[in-house]
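Input: a single structure, listed below in structure tokens.
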Amino acid sequence: MNKTETFGEFSHSERLARLRLIRTDGIGPILFRNLIERYGSGTAALDALPSLLAKRKRGGSVATKDACERELEAAHRLGARTIFHGEALYPYRLAATGDAPPLLHTLGSHDLISPPASLGIVGARNASINGQKLTRMIAGAMADAAVTVISGLARGIDTAAHAASLEGGTVACVAGGLDVIYPRENTELFHKIAERGLVVSEMPPGTQPQARHFPRRNRIISGLSDGVLVVEAAERSGSLITARFALEQGRDVFAIPGSPLDARARGCNKLIKDGASLVQDAEDIFAELTPIKPDTPVIRIRTTTPTAETLPATDNGAPEAGGNILDFLSHTAVHVDEVIRISGMRADEVLVALMEHEIAGEITRHAGGKVSLA
């Protein structure tokens, strides 16, 4: 089998194979990466997938070639570019995260996808007048200093951040397809960003945003950013989810304090209590923001296929891991490293076994590299 080039442009057949993998039900970013790492390429992993899916109790089928061809064609008709993880244009900040999207559909200026410095700005949809005013001041200062502003095109703080940084460069990460503008009231802003900035989505064109899509969108906001500023946020909000992703990804986290009597300030105040940098103006951010360098170690997808020497053999001589790995798991999530330590199995054996059990629907992956029984 030929090796797949890790940081060049993939062939059409390889791109199509990778798209079919990620669009197959039950294959998420981490499992996708594990499949590529085990089999060496999207094409080889796709060939192996039917037999792996056959182990599922609920069955399952591979995403069709025609459906994925239509997705690529739909993105092309929109004027979008589809970038796969491992290709040269894929943003290096996002590539260094553990659950980086296998692909991004992008619309606009690709100079903004890996800028010298970037700041995510998120906050409440029902933002206060003062919150929006302060957001515009900070986002404008960032744009003037050539710091790209990343946000999620939502009402309130997101809208203020994009509008104030439009001329200097802003990136909108959306939860639906690139042709589904949400909220509709931001239609004009969306088109301005597509013309002067960049719009990014991991979802197929035509996808209507649903509640479960927004946390996935949030990890892209933080993953593209050197740091994340939370302006206003309730104690349980999507903005705090973005801040949590930022912490997991090793990003700087900033928060603007507010009155304890204002529910929109409670999330920010808690972040500050937990160690986030307190921000009153843009200078506080400039003093602390640590741009991630282009040579930041990337979580690379290995492109060589494991051999019989690197995997244990089954009775018929075929390399396979698994054993009794499920015996070490419960419905309480534990870190994969702990599974490796307690089981006494080699790391490659555990990782392959977990991958196969995940495809079979027998385990669930959690944030922070943890797993549990499904």
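Some notes on this structure:
- Pick from region 105-131, criterion in contact (Cβ under 8 Å) with a residue 12 or more places away in the chain, hydrophobic (A, V, I, L, M, F, W, C) and not in a strand (DSSP E or B), ranking: nearest to Gly238 (Cα to Cα): Ala124
- Selection over region 145-159 of residues that are surrounded by fewer than 24 Cβ atoms within 10 Å (Cβ to Cβ) and out of contact with any Ser or Thr (no Cβ under 9 Å at 6 or more places or on another chain) gives a count of 3.
- As for region 325-340, it holds no residue that is modelled with pLDDT under 90 and either part of a loop (DSSP other than H, G, I, E, B) or closer than 27 Å to Gln249 by Cβ (or both).
- Residue list for region 183-215, filter: part of a loop (DSSP other than H, G, I, E, B), charged (D, E, K, R) and surrounded by fewer than 21 Cβ atoms within 10 Å (Cβ to Cβ): Arg212
- The helices (runs of 4 or more DSSP H) located wholly in region 1-97 that include 2 or more residues which are within 30 Å of Lys293 (Cβ to Cβ), in contact (Cβ under 8 Å) with a residue 12 or more places away in the chain and not assigned by TED's automatic domain parsing to the domain that holds Arg365 occupy 12-22, 29-39, 92-95.
- Scanning region 75-89 for residues that are touching a Phe, Trp or Tyr at 6+ places or on another chain (Cβ under 7 Å) and of a type outside the set (Gly, Ala, Ser) yields Ile83, Phe84, Glu87.
Here's the yes/no breakdown for (1) assigned by TED's automatic domain parsing to the domain that holds Arg251; (2) over 18 Å from Ala100 (Cβ atoms); (3) of a type in the set (Lys, Arg):
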{"position": "Arg136", "(1), (2), (3)": "yes, yes, yes"}
{"position": "Ile150", "(1), (2), (3)": "yes, no, no"}
{"position": "Ala154", "(1), (2), (3)": "yes, yes, no"}
{"position": "Ala172", "(1), (2), (3)": "yes, yes, no"}
{"position": "Ala175", "(1), (2), (3)": "yes, no, no"}
{"position": "Gly206", "(1), (2), (3)": "yes, yes, no"}
{"position": "Ala211", "(1), (2), (3)": "yes, yes, no"}
{"position": "Asn218", "(1), (2), (3)": "yes, no, no"}
{"position": "Ser225", "(1), (2), (3)": "yes, no, no"}
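- Residue match in region 35-51 (condition: in contact with a Gly (Cβ under 9 Å, 6 or more places away or on another chain), surrounded by 15 or more Cβ atoms within 10 Å (Cβ to Cβ) and among the polar types (S, T, N, Q)): no
- Residue in region 217-241 that is farthest from Ala95 (Cα to Cα), counting only those that are in a helix (DSSP H, G or I) and free of Cβ contacts under 8 Å to residues at least 40 places away in the same chain: Leu240
- The lone exception for Arg219 - which of (1) surrounded by 24 or more Cβ atoms within 10 Å (Cβ to Cβ); (2) over 30 Å from Leu261 (Cα atoms) it fails: (2)
- No other residue among Arg56, Arg77 is surrounded by fewer than 19 Cβ atoms within 10 Å (Cβ to Cβ) and more than 25 Å from Ile193 (Cα to Cα) apart from Arg56.
- Out of His162, His110, sole residue that is touching a Ser or Thr at 6+ places or on another chain (Cβ under 8 Å) and over 17 Å from Gln280 (Cα atoms): His162
- Across region 242-281, the number of residues qualifying as out of contact with any strand residue (DSSP E or B) (no Cβ under 6 Å at 6 or more places or on another chain), within 16 Å of Arg125 (Cα to Cα) and assigned to a helix (DSSP H, G or I) comes to 5.
- The lone exception for Ala127 - which of (1) in contact with a Lys or Arg (Cβ under 9 Å, 6 or more places away or on another chain); (2) surrounded by 16 or more Cβ atoms within 10 Å (Cβ to Cβ); (3) not assigned by TED's automatic domain parsing to the domain that holds Leu240 it fails: (3)
The values are calculated or read from the model by the stated rules, or taken from the named source; none is laboratory data. Since the model is a prediction, treat every value here as computed from it, not as a measurement. When we count neighbours, we look across all protein chains shown, and the Cβ atoms used for this are built from the backbone with ideal geometry, even at glycine.
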